[in-house]
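Inspection log for the structure reproduced underneath, given as structure tokens.
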Amino acid sequence: MGCEAGSHLRSLPQGYRAVVIGASGGIGRALCDRLRSDEQLGELVEVARGSDGFDLLSEVNIADRAGRISNGPIHLLICATGVLTTHGQSPEKSLRQIDPEIMLSQFRVNAIGPALVAKHFLPQLDRRSRTAAVFLSARVGSITDNKKGGWISYRASKAALNQIVRTASIELARTHPNAVVTAMHPGTVRTPLSAPYSKGHPTVSPEEAATSILRALDRQTETGKFIAYDGSPIEW
Ligand SMILES: NC(=O)c1ccc[n+]([C@@H]2O[C@H](COP(=O)([O-])OP(=O)(O)OC[C@H]3O[C@@H](n4cnc5c(N)ncnc54)[C@H](OP(=O)(O)O)[C@@H]3O)[C@@H](O)[C@H]2O)c1
């Protein structure tokens, strides 16, 4: 899908400032491309491990990165980081395969890292205008939707992320009443993260996912929700 000109995020102010964390990832990169083609965009801050050493495992590093962009307010924050395969280990198929180190690693990247991103970046959202913050989660993090079992570390780390996003949204609403904070399932997207596991499942390209994600964000009016890329609600 091409990057046709025009505005993708009409609900944000003209000249809005966007921050994408995980700009090197399959979905993160496509989101950056899409945002760059938005004529309404003022500034895009791309945060990635490869280009600037940003590491979700280090709070000092996260705080430092947030501090370096504190010269102006943020209108759009996207946290597009995450892991599914850790230390070469595929997600568990059964309880027998639980490894505490792998589980901890999933929690550190998928839940604690984004919590620290929330801690250091959310306060920088503009208080005066509508703003949006999205944390890429996964439908498999839904407890209600879990019919198949397996993938316990990834599922649990995403369920924890969802709780973190919900909690952050409640606190942020007190100081930033126009901020919409969302946990979002991006769909099954053709990226390195999903490649080993997506066989037989319908997939979309990162570009299609990015278009859907921005459209859903633009339309989302309620804060603290868990939604899919098409804006449909997902049960916690
Ligand atoms: N693809 C799918 O089908 C799918 C489905 C459901 C949910 N999701 C979620 O969507 C999000 C993005 O996934 P993706 O498919 O785009 O994955 P991806 O291509 O593997 O990208 C993952 C991103 O996370 C970054 N990252 C991982 N560990 C990090 C760390 N310790 N510090 C800093 N950055 C770190 C990676 O940085 P490097 O480039 O430096 O490794 C990369 O930018 C994830 O939260 C994933 O769980 C994806």
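Worth a mention:
- The peptide list 104-110, 50-56, put in order of mean Cβ contacts within 10 Å with the highest first, becomes 104-110, 50-56.
- Cβ-derived FRET efficiency at R0 22 Å, I143 paired with R96, nearest 0.05: 0.50
- Helical content of the chain, expressed as a calculated mean residue ellipticity at 222 nm, amounts to -10000 deg cm²/dmol (DSSP H runs of 4 or more residues, -39,500 (n - 2.57) each, divided by residue number, nearest 500).
- Lysine pairs in the chain with Cα atoms under 20 Å, if 8 or more residues apart or on separate chains: 11
- Over all directions, the projected convex hull of the C-alpha atoms in region 1-127 averages 9.5 nm² in area.
- Largest-first ordering by accessible area, 1.4 Å probe, given options Y229, Y197, Y154: Y229, Y197, Y154
- Kirkwood hydrodynamic radius over Cα pairs of region 54-182, then Stokes diffusion coefficient at 37 °C and 0.692 mPa s, in µm²/s: 212
- Cα lying deepest toward the dipole's positive end in the chain, options L214, V20, Q89, charges on Cβ: Q89
- Selected from I213, I21, I143 as most flexible by GNM, with the chain as the system and alpha-carbon contacts under 10 Å: I143
- Ordering L104, H185, L161 by the projection of their Cα atoms onto the charge dipole of region 74-189, which places +1 on the Cβ of Lys and Arg and -1 on the Cβ of Asp and Glu, puts H185 at the extreme positive end.
- Here the dipole of the chain is about 440 debye; that uses its Cα centre as origin and unit charges on the Cβ of Lys and Arg (positive) and Asp and Glu (negative).
- Across every direction, the projection of the convex hull enclosing the Cα atoms of region 194-236 has a mean area of 3.8 nm².
- Each peptide in 180-190, 37-47 gets a packing score, the mean of other Cβ atoms within 10 Å over its residues, and the list from highest to lowest is 180-190, 37-47.
- Helix 206-219 vs. the chain, principal-axis angle (Cα, 0 to 90°, nearest 10): 60
- Seen against the Cα atoms of the chain and their longest principal axis, helix 26-36 is set at about 10 degrees.
- Span per principal axis, largest first, for the Cα atoms of region 109-236 (Å): 46, 28, 24
- Here the label points at R68 and E43, each 7 Å from Cα along the C-beta direction, are separated by 1.4 nm in the simple model.
- Averaged per residue, the chain has 48 square angstrom of accessible surface, using a 1.4 angstrom probe with ligands and nucleic acids left out.
- Scattering curve values for the chain, log₁₀ I(q)/I(0), Debye with Cα scatterers, q = 0.18 Å⁻¹: -1.48
The values are calculated or read from the model by the stated rules, or taken from the named source; none is laboratory data. Predicted model only: the values in this text are computed from it and were never measured. FYI the Cβ positions are ideal-geometry reconstructions off the backbone, even for glycines, and counts take in every protein chain you see. When the accessible area is computed, the model is the full protein with side chains, heavy atoms only, and any ligands, DNA or RNA have been set aside. Shrake-Rupley method; radii C 1.70, N 1.55, O 1.52, S 1.80 Å.
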